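Asks: Structure provided below as C-alpha coordinates; questions to follow.
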Amino acid sequence: GILPPGPVAALLLVLGAVVTGGLHLDGLMDSADGVLGGAVGGRSRERRLEIMRDSRVGAFGVLAGALALLLQFACLSELDGGERLVALVAAL
(Lines give C-alpha, C1' and ligand atoms only; values in the text may rest on other atoms or scores of the structure.)
Protein backbone atom coordinates (compact mmCIF):
# COMPACT_ATOMS: atom_id res chain seq x y z
CA GLY A 1 0.00 0.00 0.00
CA ILE A 2 0.80 3.65 -0.21
CA LEU A 3 0.82 4.21 3.56
CA PRO A 4 2.28 2.12 6.39
CA PRO A 5 -0.14 0.12 8.58
CA GLY A 6 -0.23 2.67 11.44
CA PRO A 7 -1.56 5.62 9.44
CA VAL A 8 -3.98 3.33 7.59
CA ALA A 9 -5.36 2.08 10.92
CA ALA A 10 -5.73 5.66 12.20
CA LEU A 11 -7.54 6.76 9.04
CA LEU A 12 -9.86 3.75 9.26
CA LEU A 13 -10.74 4.66 12.85
CA VAL A 14 -11.59 8.18 11.74
CA LEU A 15 -13.68 6.81 8.88
CA GLY A 16 -15.50 4.44 11.23
CA ALA A 17 -16.31 7.29 13.62
CA VAL A 18 -17.64 9.42 10.75
CA VAL A 19 -19.74 6.59 9.29
CA THR A 20 -21.32 5.68 12.65
CA GLY A 21 -21.56 9.28 13.86
CA GLY A 22 -19.46 8.27 16.86
CA LEU A 23 -22.51 6.66 18.46
CA HIS A 24 -20.75 3.47 19.56
CA LEU A 25 -17.93 5.37 21.22
CA ASP A 26 -20.35 7.83 22.81
CA GLY A 27 -22.43 4.97 24.21
CA LEU A 28 -19.34 3.26 25.60
CA MET A 29 -18.19 6.47 27.25
CA ASP A 30 -21.63 7.20 28.75
CA SER A 31 -21.87 3.64 30.07
CA ALA A 32 -18.41 3.78 31.62
CA ASP A 33 -19.24 7.05 33.35
CA GLY A 34 -22.52 5.71 34.69
CA VAL A 35 -21.35 2.27 35.74
CA LEU A 36 -17.84 3.04 36.98
CA GLY A 37 -18.40 6.63 38.07
CA GLY A 38 -21.71 5.69 39.63
CA ALA A 39 -20.10 2.85 41.56
CA VAL A 40 -17.75 5.26 43.31
CA GLY A 41 -19.54 6.43 46.43
CA GLY A 42 -22.36 3.87 46.06
CA ARG A 43 -24.63 6.11 44.01
CA SER A 44 -28.25 5.13 43.47
CA ARG A 45 -29.56 3.59 40.25
CA GLU A 46 -31.33 6.85 39.40
CA ARG A 47 -28.13 8.87 39.87
CA ARG A 48 -26.14 6.46 37.66
CA LEU A 49 -28.76 6.81 34.90
CA GLU A 50 -28.62 10.58 35.29
CA ILE A 51 -24.83 10.44 34.87
CA MET A 52 -25.28 8.42 31.65
CA ARG A 53 -27.75 10.95 30.24
CA ASP A 54 -25.44 13.89 30.99
CA SER A 55 -23.90 15.27 27.78
CA ARG A 56 -20.58 15.90 29.52
CA VAL A 57 -17.95 13.17 29.61
CA GLY A 58 -16.30 12.19 32.87
CA ALA A 59 -12.92 10.67 33.63
CA PHE A 60 -14.12 7.07 33.32
CA GLY A 61 -15.73 7.84 29.96
CA VAL A 62 -12.57 9.43 28.60
CA LEU A 63 -10.49 6.51 29.83
CA ALA A 64 -12.84 3.94 28.30
CA GLY A 65 -12.94 5.79 24.97
CA ALA A 66 -9.18 6.22 24.79
CA LEU A 67 -8.51 2.58 25.66
CA ALA A 68 -11.09 1.36 23.13
CA LEU A 69 -9.50 3.42 20.35
CA LEU A 70 -6.02 2.32 21.38
CA LEU A 71 -7.04 -1.35 21.26
CA GLN A 72 -8.78 -0.92 17.90
CA PHE A 73 -5.72 0.85 16.50
CA ALA A 74 -3.40 -1.91 17.75
CA CYS A 75 -5.57 -4.61 16.21
CA LEU A 76 -6.13 -2.85 12.87
CA SER A 77 -2.46 -2.02 12.43
CA GLU A 78 -1.58 -5.73 12.71
CA LEU A 79 -3.97 -6.89 9.98
CA ASP A 80 -3.36 -7.08 6.24
CA GLY A 81 -5.66 -5.50 3.64
CA GLY A 82 -8.12 -8.38 3.25
CA GLU A 83 -8.18 -9.25 6.94
CA ARG A 84 -8.61 -5.58 7.84
CA LEU A 85 -11.62 -5.27 5.52
CA VAL A 86 -13.27 -8.35 7.03
CA ALA A 87 -12.67 -7.01 10.55
CA LEU A 88 -14.15 -3.61 9.68
CA VAL A 89 -17.25 -5.09 8.06
CA ALA A 90 -17.76 -7.35 11.08
CA ALA A 91 -17.31 -4.44 13.49
CA LEU A 92 -19.85 -2.18 11.77
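Asks: For residue 18 and residue 78 in the same chain, what is the full-extension length gain: residue separation times 0.36 nm, less their Cα-Cα distance, in nm?
Replies: 19.4 nm
Asks: Now for a separate question. Out of the total accessible area of the chain (probe 1.4 Å, heavy atoms of protein only), what percent is carbon and sulfur?
Replies: For the chain, the apolar C and S fraction of the accessible surface comes to 69 percent.
Asks: To continue, here is another question. Report Rg(Cα)/(2.2 N^0.38 Å) for the chain, keeping two decimals.
Replies: The reported ratio for this selection is 1.30.
Asks: Select from 62, 19, 35 the residue whose mean-square fluctuation is largest in a Gaussian network model of the chain (Cα-Cα springs shorter than 10 Å).
Replies: 19
Asks: With r defined as the distance between the Cβ atoms of residue 2 and residue 35 and R0 fixed at 35 Å, what FRET efficiency is calculated, to the nearest 0.05?
Replies: 0.25
Asks: Relative contact order for the chain: what percent, with Cα pairs under 8 Å and sequence separation of 6 or more?
Replies: 36 percent
The values are calculated or read from the model by the stated rules, or taken from the named source; none is laboratory data. Everything quoted here is computed from the prediction, not taken from an experiment. Glycine gets a Cβ as well: all are built from the backbone with ideal geometry, and neighbour counts include every protein chain shown. Each accessible area value is taken on the protein alone, full model and side chains, heavy atoms only, with ligands, DNA and RNA left out. Shrake-Rupley method; radii C 1.70, N 1.55, O 1.52, S 1.80 Å.
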